[in-house]
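The values are calculated or read from the model by the stated rules, or taken from the named source; none is laboratory data. Quick caveat, the model's predicted, so the values are computed rather than measured. Note: ideal-geometry Cβ built from the backbone for every residue, glycine included; neighbour counts use all protein chains shown.
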Amino acid sequence: MNVNNIEQLTQLKFKKIENSWVGKINDFYISIDIEKENELIIKLNFISSNRGKLFEFLENEKEADHIESYSINKNQLEIVYKESVEVQLDSFLNEIVSLCGQIEAKCVCTNCEQTQDLSFYTNQKVYSLLCSNCGGRLLSQVEVDNSRRNNYLAGFFASLLGALIGSVAWIAIGALGFFASIAGFAISFCAFKGYELAKGKLSRTGIILNIITILIGFIFAQYAVLFIGFRKEFPEMNLRDFIILTPIIFSDMEILKSLMGDFLLGLLFIVLGTFRTIKENFIKAKENKNLQIERVDFSE
Ligand SMILES: [Zn+2]
């Protein structure tokens with residue numbers, strides 16, 4: 001958007017939300033999305049029994065090449081406006097609003113078609129024109145979501161179960177003598193999935209719980225791979241014997257050294273395989289934390 005138009009919108013007390021501007025002129029709520037350079041999408045949600053006069057004006061503006069196109073979908077008028085020095089955005093908006101007044105148009109809630117007590121509601125990323133009923137419902141819903149009891153315990157066990165299921169892929173590949181980061185990814189994916197299904201809250205704490213279960217899943221998988229390895233050398237060894245022998249195996253420096261190499265390599269692969277999932281979920285957790293909806297106030 002060019003500097004001139006930004007100044008005009010600021011003077012009209014429009015507010016900027018991400019790539020959009022929302023505002024109110026007289027009783028009309030207008031939003032403007034910045035699509036491409038020098039192209040604005042002006043949106044107006046209204047009802048009127050007589051739209052002819054407004055369409056006549058838009059048709060003329062189109063012919064004069066001030067606008068690229070316009071369309072109406074249900075109650076929403078969308079105008080693709082071309083920015084230029086020749087036409088002033090504020091006078092264009094004022095003209096629209098004055099015509100809307102003449103055709104007795106009324107802005108409507110995008111959810112329920114109510115025309116009273118409207119306002120834009122935003123989470124600082126997207127916005128929506130709503131009546132106070134719909135807006136109020138949205139606000140209380142978000143509040144409930146935000147204060148939802150953290151189901152960390154159930155989340156932890158579900159995540160652990162997921163990690164163990166995911167570790168099957170690791171064991172299968174590990175038993176063949178390979179490491180693959182994709183198997184690490186399987187552990188991490190299943191852990192987060194389990195956590196999500198148990199409705200664990202995706203907060204920082206939640207992610208740390210998942211990292212713990214992923215590590216448990218990894219250690220379990222490594223242990224299972226070790227057992228499979230021993231079984232190959234000593235076919236008569238069963239799981240019970242192996243568990244009893246474990247402290248002895250781990251107290252042997254030579255074995256420990258060779259295992260350490262495998263362990264570190266495995267850890268590297270699990271970091272490679274899970275890094276992305278964890279990072280994505282960290283971003284999600286951050287967004288969840290910041291999820292706040294507010295009513296846009298144009299009074300100041
Ligand atoms: Zn409504």
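Check ASN210 against each of (1) crowded, with 19+ Cβ neighbours inside 10 Å; (2) more than 19 Å from ILE283 (Cα to Cα) and name the one condition it does not meet.
It is condition (2) that ASN210 fails.
Test of understanding: among PHE234, PHE275, which residue is under 28 Å from ILE207 (Cα atoms), aromatic (Phe, Trp, Tyr) and free of Cβ contacts under 8 Å to residues at least 12 places away in the same chain? Quick ask: steps written out before the conclusion?
On the way: PHE234 fails: under 28 Å from ILE207 (Cα atoms).
Result: PHE275 is the single residue among PHE234, PHE275 that is under 28 Å from ILE207 (Cα atoms), aromatic (Phe, Trp, Tyr) and free of Cβ contacts under 8 Å to residues at least 12 places away in the same chain.
So if I check each of LEU139, LEU130, LEU44, which one is of a type outside the set (Lys, Arg), at pLDDT 95 or above and either out of contact with any strand residue (DSSP E or B) (no Cβ under 9 Å at 6 or more places or on another chain) or closer than 30 Å to SER203 by Cα (or both)?
So the residue among LEU139, LEU130, LEU44 that is of a type outside the set (Lys, Arg), at pLDDT 95 or above and either out of contact with any strand residue (DSSP E or B) (no Cβ under 9 Å at 6 or more places or on another chain) or closer than 30 Å to SER203 by Cα (or both) is LEU130.
Under the condition of being of a type in the set (Phe, Trp, Tyr) and within 33 Å of the chain's Cα centre (by Cα), which residue from region 44-84 is nearest to GLY23 (Cα to Cα)?
PHE46
For region 123-139, state whether one or more residues are under 16 Å from ILE293 (Cα atoms), outside any strand (DSSP E or B), within 16 Å of the ligand (Cβ to nearest atom) and of a type in the set (D, E, K, R).
Narrowing region 123-139 to residues under 16 Å from ILE293 (Cα atoms): 123-139.
From the residues that got through so far, the ones that are outside any strand (DSSP E or B) too are 123-126, 132-139.
This time we only want the ones that are within 16 Å of the ligand (Cβ to nearest atom), so: 132-139.
Right, trim to of a type in the set (D, E, K, R) and you get 137.
Within region 123-139, one or more residues are under 16 Å from ILE293 (Cα atoms), outside any strand (DSSP E or B), within 16 Å of the ligand (Cβ to nearest atom) and of a type in the set (D, E, K, R).
From the list ILE79, ILE67, pick out the single residue that is modelled with pLDDT under 95 and either β-branched (Val, Ile, Thr) or within 25 Å of ASP27 (Cα to Cα) (or both).
ILE67
Name every residue in region 219-237 that is of a type in the set (Val, Ile, Thr) and either crowded, with 19+ Cβ neighbours inside 10 Å or more than 17 Å from MET260 (Cβ to Cβ) (or both), in order of residue number.
Within region 219-237, the subset of a type in the set (Val, Ile, Thr) is 219, 225, 228.
Correct list: VAL225, ILE228.
Test of understanding: among GLU113, GLU86, GLU104, which residue is within 16 Å of the ligand (Cβ to nearest atom) and either assigned to a loop (DSSP other than H, G, I, E, B) or within 26 Å of GLY273 (Cβ to Cβ) (or both)?
GLU113
Could you go through region 183-201 and let me know if any residue there is in the same structural domain as MET260 (by TED's automatic domain parsing), within 26 Å of the chain's Cα centre (by Cα), of a type in the set (S, T, N, Q) and surrounded by fewer than 17 Cβ atoms within 10 Å (Cβ to Cβ).
no
Out of PHE218, PHE282, which single residue is farther than 30 Å from VAL126 by Cα, of a type in the set (Phe, Trp, Tyr) and assigned to a helix (DSSP H, G or I)?
Every option except PHE218 fails the conditions.
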